[in-house]
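Enquirer: A single structure is presented below for examination.
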Number of protein chains: 2
Amino acid sequence: MPGPLDGYRVVDVTQMLSGPMATMILGDQGADVIKVEPPKSGDLTRAFSKSGITGTFAMINRSKRSVAINLKTAAGVKLIKQLVSQADVFVQNFRPGTVERMGIDEEALRAIKPDLIYVSISGFGESGPYIKKRVYDPVIQALSGLTDVQRDRDTGKPHMMRLVIPDKVTSLTAAQAITAALLSRERTGKGQHVRLAMLDAVVSFVWPEGMADQTIVKNNPQNSSDPEQRPELIFETTDGFITTGAMSNKEWDGLVRALEQPQWLEDPRFQTPADRMKHASHRLELMSQVIRTRSTDEWISRLDAEEVPCAPVLRRDEVRHNEQVIANNLIVESDHPHVGRTRMPRPPARFTETPAELRLHAPALGEHTESVLKELGITPAELEQLEADDII
Amino acid sequence: MPGPLDGYRVVDVTQMLSGPMATMILGDQGADVIKVEPPKSGDLTRAFSKSGITGTFAMINRSKRSVAINLKTAAGVKLIKQLVSQADVFVQNFRPGTVERMGIDEEALRAIKPDLIYVSISGFGESGPYIKKRVYDPVIQALSGLTDVQRDRDTGKPHMMRLVIPDKVTSLTAAQAITAALLSRERTGKGQHVRLAMLDAVVSFVWPEGMADQTIVKNNPQNSSDPEQRPELIFETTDGFITTGAMSNKEWDGLVRALEQPQWLEDPRFQTPADRMKHASHRLELMSQVIRTRSTDEWISRLDAEEVPCAPVLRRDEVRHNEQVIANNLIVESDHPHVGRTRMPRPPARFTETPAELRLHAPALGEHTESVLKELGITPAELEQLEADDII
């Protein structure tokens, strides 16, 4: 069944993670995503594996076709322009100034395709003191406050979040913006330039509660960046860890029953949500002492029975075996022609009429060069010449 | 200037964070978002502040109008149906089964508005063992592997990421899916039901590199969930912390010059990227010893001069003063009629033709009840009666 983006073509010259993951979302939803890669090396991330396809690559480049074109040649640029003439969206994440040098800037491509959605993903934007700096995930984490959020309570040392959250938040933000620009074009007939800086996407993502005390200026306290003092809701059991917590009185009563500590109901420190918040450190320490006496399974069934929010803390290789993950048919397996069996999550949003799904396996470098260029009307003889000239 | 979603109306009965932040994105882009709240209490998060507007609320409910309607009454449900009859999107995040009891399930609303985009955001989905469980952020963090990613290297203890990443990732995913469903409807004329579970959104977000070693089945090692052993790229200076790192030989040479440690160029452990990766712990320890001898500003200018990726680790209240954040005009200030001056990031994606922007301040509870209901053709006498009956 066709997806919601069926019929749109996206020419994607991005590499690494943020650009490719954005166009994966569009491809899963039915867009014809053409991944343009340098002929010899391909996407930089291919080098991390002998097969050219790592676990990460297999996921974020699914639902795309790969075309190998040397963009550093005039003939290569001519091919890109032919592709763009039949496309709706062009996505690039080169450093500022690069597309102008290559001759694939907005003006050059809009001359070919007037209603193009031209998308530029950058680290820092197009102007300002940082635009020449190289962008790695830790740099955006450090600048956006993510590492400060994770600052250690005792030592005061900031910590990284050990996922490339900046890249992936940028991907989700870009995919929505591209879809909105297509929607606007559908009604106005006009294309446009959509620009997104990782720094902007991540600060916007952190801000709602991460910077809440800076939002209303008159509330701004002196100590707004102190580390969160409240201990986190993770408790060790005899065989692992669980999370649990009680907000309302009803949940607290349930928790007390599940933990068999009726004396806590009489404790003046724990009478109201405000009391319990005030004495959180002491309360969580008491809970820890009890929870460490039984197994994860025992606690989860007791807490569930009392309708107290709770969950086992899963190791990464346990997630796919979790009963709710299985009930949701979240992890799909399929065979990849080069790397064999793969497993990865299906697209999370489910559409009743226009399903998103894994449409194509992550391509080998240039797997679709011939078929895509033939669709453009390039003849077999021309293809042979382009290959001999190291253009494709 | 009209945004890309100009002309669409969204009726949003969600509360808390994931639903409201999704519709904030649509409102910034020009959709007319009508936030429907219970008349007395409003959105649950209003209770966290005397003014009814916390810092978080001020951001995620901007660009919306608030209408207070009691959905537990037949007259309230009738009003919702009148609103939906003129809307394009309806978004709800009640627990499974609730909308059926209230009479605002898909079937009921599609009878009024056949091409409606009906959106259901849930914690776990509509079937499976967890669907009756309450969903809090720590529960999804524990189940999705986020806490395992953050597991302590020395103690093995899992840790939370101290932002409500599950809610916010769900928001971004939902906003894209809703936009895609509108795009599809624009061409097919058909509405549909879009369902999104937080668990699914977050596992999909974690997976690309967080679960990469589980993606290609034949590569799956025994120890795939061991904590990341490599020390993180955060270094203490005389007056704070910086992040820096070198991937290529060129960057490593620059780093060695910036740190004035020419003997490292001769060190057999640091000759290639693979060598430096193998000896990462020792190398980072040596770097720490040097970096702790000078100030953050000194190191950043030395590293910048050598084109080595680097950044100061900013405290949260320093982010808005960073020179690139300022150059990007990222943080906008405005006056809110009830809480005074506010500051928050503008929408991160910038559209040349259909700008996204802060369109309205976060509303007081029911601020637009009268004006919105008048647009529906409800007379002043009817309004008075509805108010007398505690319906609005």
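Enquirer: Suppose the Debye formula is applied to equal point scatterers at every Cα of the stretch A:310-392; what is log10 I(q)/I(0) at q = 0.23, 0.25 Å⁻¹?
Expert: -1.13, -1.19
Enquirer: If you look at just the Cα atoms of the protein assembly as shown, how large are its Rg and its Dmax in Å?
Expert: 26.4, 87
Enquirer: When a footprinting reagent is the concern and you count Cβ atoms within 10 Å, what order do B:GLU100, B:GLU384, B:GLU106, B:GLU209 take, fewest first? Walk me through the numbers before you get to the answer.
Expert: Details: B:GLU100 13, B:GLU384 10, B:GLU106 20, B:GLU209 23.
Neighbour counts put them in this order, fewest first: B:GLU384, B:GLU100, B:GLU106, B:GLU209.
Enquirer: Here is a follow-up. Taking a virtual spin label 7 Å from the Cα of A:GLU260 along the C-beta vector, which residues in the stretch A:275-299 bring their backbone nitrogen under 19 Å of it?
Expert: Residues A:286-299 qualify, since their backbone N sits under 19 Å from the label point.
Enquirer: Still on this structure: For the stretch A:38-132, just say rounded, prolate or oblate: build the C-alpha gyration tensor, square-root its eigenvalues into a ≥ b ≥ c, call rounded for a/c under 1.5, and beyond that prolate if a/b exceeds b/c, oblate if not. Each step should come with its number before you reach the end.
Expert: Values: a/c = 1.74, a/b = 1.27, b/c = 1.37.
It is oblate, given that a/c is not under 1.5 and a/b is not larger than b/c.
Enquirer: Still on this model: Report the semi-axes of the equivalent ellipsoid for the stretch B:235-312 in whole Å, largest first, where each axis is √(5λ) for an eigenvalue λ of the Cα gyration tensor.
Expert: Numbers: eigenvalues 79, 33, 22 Å².
Listed largest to smallest, the semi-axes of the stretch B:235-312 are 20, 13, 11 Å.
Enquirer: Rounded to the nearest 500 deg cm²/dmol, what is the calculated helix-only ellipticity per residue at 222 nm for chain B, with -39500 (n - 2.57) per DSSP H run of length n ≥ 4? Kindly include the intermediate steps, with their values, before the conclusion.
Expert: Values: 18 runs with 158 residues, N = 392.
Computed mean residue ellipticity for chain B: -11500 deg cm²/dmol.
Enquirer: Further question: Compute the Cα gyration tensor for the stretch A:280-330, then decide on rounded, prolate or oblate, letting a ≥ b ≥ c be the square roots of its eigenvalues: rounded whenever a/c is under 1.5, prolate when a/b is larger than b/c in the other cases, and oblate in all that remain. Spell out each step's value before the answer.
Expert: Numbers: a/c = 2.46, a/b = 2.02, b/c = 1.22.
The shape class here is prolate.
Enquirer: Sort B:11-24, A:284-297, B:34-47 by packing, meaning the average of other beta carbons within 10 Å per residue, with the highest value first. List each step's numbers first, then the result.
Expert: Values: B:11-24: 24.9, A:284-297: 15.1, B:34-47: 19.6.
Listed from highest to lowest mean packing, they are B:11-24, B:34-47, A:284-297.
Enquirer: When a footprinting reagent is the concern and you count Cβ atoms within 10 Å, what order do A:LEU383, A:LEU376 take, fewest first? Don't jump to the answer; show the numbers that get you there.
Expert: Working: A:LEU383 16, A:LEU376 13.
Lowest count first: A:LEU376, A:LEU383.
Enquirer: What do the square roots of 5 times the Cα gyration tensor eigenvalues come to for chain B, in whole Å, largest first, as semi-axes of the equivalent ellipsoid? Before the final figure, lay out the partial values.
Expert: On the way: eigenvalues 472, 125, 70 Å².
With the √(5λ) rule applied to chain B, the semi-axes are 49, 25, 19 Å.
Enquirer: Evaluate peptide B:130-137: per residue, the Cβ atoms of other protein chains within 10 Å of its Cβ; return the mean as an integer.
Expert: Partner-chain Cβ atoms within 10 Å, mean over residues of B:130-137: 5.
Enquirer: Kindly put B:VAL119, A:VAL332 in sequence by how many other C-beta atoms sit within 10 Å of each C-beta, fewest to most.
Expert: Working: B:VAL119 27, A:VAL332 13.
Going from sparsest to densest Cβ surroundings: A:VAL332, B:VAL119.
Enquirer: What average number of partner chain Cβ atoms lie no more than 10 Å from the Cβ of the residues making up B:152-161? Walk me through the numbers on the way to the answer.
Expert: Numbers: counts 0, 0, 0, 0, 2, 5, 9, 8, 7, 9.
Average per residue, whole number: 4.
Enquirer: Now for a different question. Distance between the C-alpha centers of the stretch A:298-329 and the stretch A:161-196? Whole Å please.
Expert: Each part reduced to its Cα centre gives a spacing of 34 Å.
Enquirer: A:LYS374: which aspartates and glutamates have alpha carbons under 15 Å from its alpha carbon, excluding same-chain residues fewer than 8 sequence positions away?
Expert: By straight Cα distance, A:LYS374 reaches A:GLU382, A:GLU384, A:GLU387.
Enquirer: Let me ask something additional. Which residues does the label zone of B:ASN329 cover in the stretch A:119-143, counting backbone N under 14 Å from a point 7 Å along Cα→Cβ?
Expert: A:126-128, by backbone N distance to the label point.
Enquirer: Which of rounded, prolate or oblate describes the stretch A:143-287 when judged by the alpha-carbon gyration tensor and an a/c cut-off of 1.5? Intermediate results must be reported in sequence, preceding the final value.
Expert: Details: a/c = 2.43, a/b = 2.12, b/c = 1.15.
It comes out prolate by the Cα gyration axes.
Enquirer: Could I ask something else about it? Using 0.36 nm times the number of residues separating B:ALA305 and B:THR293, minus their current alpha carbon distance, what extension gain do you get?
Expert: Gain in length upon complete extension: 2.5 nm.
Enquirer: Here's something else I'd like to know. Taking the Cα-to-Cβ direction at B:ARG134 and at B:ASP115 and moving 7 Å from each Cα, how far apart do the two end points lie in nm?
Expert: Inter-label distance under the simple model: 4.2 nm.
Enquirer: Pairs to check: B:LYS50/B:LYS113; B:LYS35/B:LYS72; A:LYS50/A:LYS81; A:LYS35/A:LYS78; B:LYS133/B:LYS168; A:LYS132/B:LYS168. Give those whose C-alpha atoms are more than 26 Å from each other in this structure. Display every interim value, and only then the final one.
Expert: Numbers: B:LYS50/B:LYS113 38 Å; B:LYS35/B:LYS72 16 Å; A:LYS50/A:LYS81 32 Å; A:LYS35/A:LYS78 16 Å; B:LYS133/B:LYS168 20 Å; A:LYS132/B:LYS168 30 Å.
Cα-Cα > 26 Å for B:LYS50/B:LYS113; A:LYS50/A:LYS81; A:LYS132/B:LYS168; rest within.
Enquirer: Find how many whole Å separate the alpha carbon centroid of the stretch B:333-392 from the alpha carbon centroid of the stretch A:67-131.
Expert: Answer, in whole Å: 40.
Enquirer: Let me ask something else about it. May I ask for the angle, rounded to the nearest 10°, between helix A:280-291 and the longest principal axis of chain A, with both axes built from Cα atoms and the value confined to 0 to 90°?
Expert: Helix A:280-291 and the main axis of chain A meet at about 90 degrees.
Enquirer: Taking each residue of A:335-341 in turn, how many C-beta atoms of other protein chains fall within 10 Å of its C-beta, and what is the average?
Expert: Details: counts 1, 3, 0, 1, 5, 4, 5.
Per residue, the average neighbour count from other chains is 3.
Enquirer: Using only the alpha-carbon atoms, how far is helix B:198-210 inclined from the longest principal axis of chain B? Give it as 0 to 90 degrees, nearest 10.
Expert: 20
Enquirer: Here's a follow-up. Using alpha-carbon positions, what is the distance between the centroids of the stretch A:36-66 and the stretch B:6-29, in Å?
Expert: Measuring centre to centre over Cα atoms gives 36 Å.
Bear in mind these aren't lab numbers, they're just calculated from the coordinates by the rules spelled out. Bear in mind the structure is a predicted one, so any value in this text is a computation, not a measurement. As a convention, Cβ positions derive from the backbone with ideal geometry for all residues, glycine included, and neighbour counts pool all protein chains shown.
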